[in-house]
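Read-outs throughout are calculated quantities, based only on the coordinates presented, and are distinct from any laboratory measurement. Keep in mind that what you see is a predicted model, and the values were worked out from it rather than measured. Cβ placement follows ideal geometry from the backbone for every residue including glycine, while neighbour counts extend to all protein chains displayed.
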């Protein structure tokens, strides 16, 4: 059941979305055919770059595959993931015996945020900003939205990750990259650079304390 993958023919300017597929071995051929249909449809959407062929990462009573979808921006990626066409394809395959679980690739945010920065920026700086927007987004999602009993956990996780990608990709990442543009590019005095770093750690500390003091029954 070997499979291969194709890498995007661009530099670092792309956004990834990682899918985990758990299927019954008897549904293997149907799964591959369905993935090919999805890939063919996705190619027609703006910003599509590539999608890896399924890679087997775990074998047993259930086969676990990984695929990685690449678009030029989070917005274009979400446009395909949330499209009516894709939802109809997924709905038609509900009885094929495998659920979908999706998650955003943390490194995707790092690559994407670098597109709005003229100069080369240290990875640790970019990762800090990604953490600054992802942490409250995920925590607020878990706090404000409870999983309905009719929805299984993998589907709920896919929905949660979709919301996180949409919020950070469309709003939080562009906003925080503009706010800390000078710090990312190393502009300003050492004092200004240090002050910007302190504000990031202070914001993370305040967020941590806020979430720690929320009663456990709210989670």
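Going from the residue with the fewest nearby Cβ atoms within 10 Å to the one with the most, 191, 147, 125 rank 191, 147, 125. Residue order for 52, 30, 82, fewest other beta carbons within 10 angstrom first, comes to 82, 30, 52.
Averaging over all projection directions, the Cα-based convex hull of the range 119-219 occupies 7.6 nm² in the image plane. Neighbour counting of Cβ atoms within 10 Å sorts the residues 90, 63, 150, fewest neighbours leading, into 150, 90, 63.
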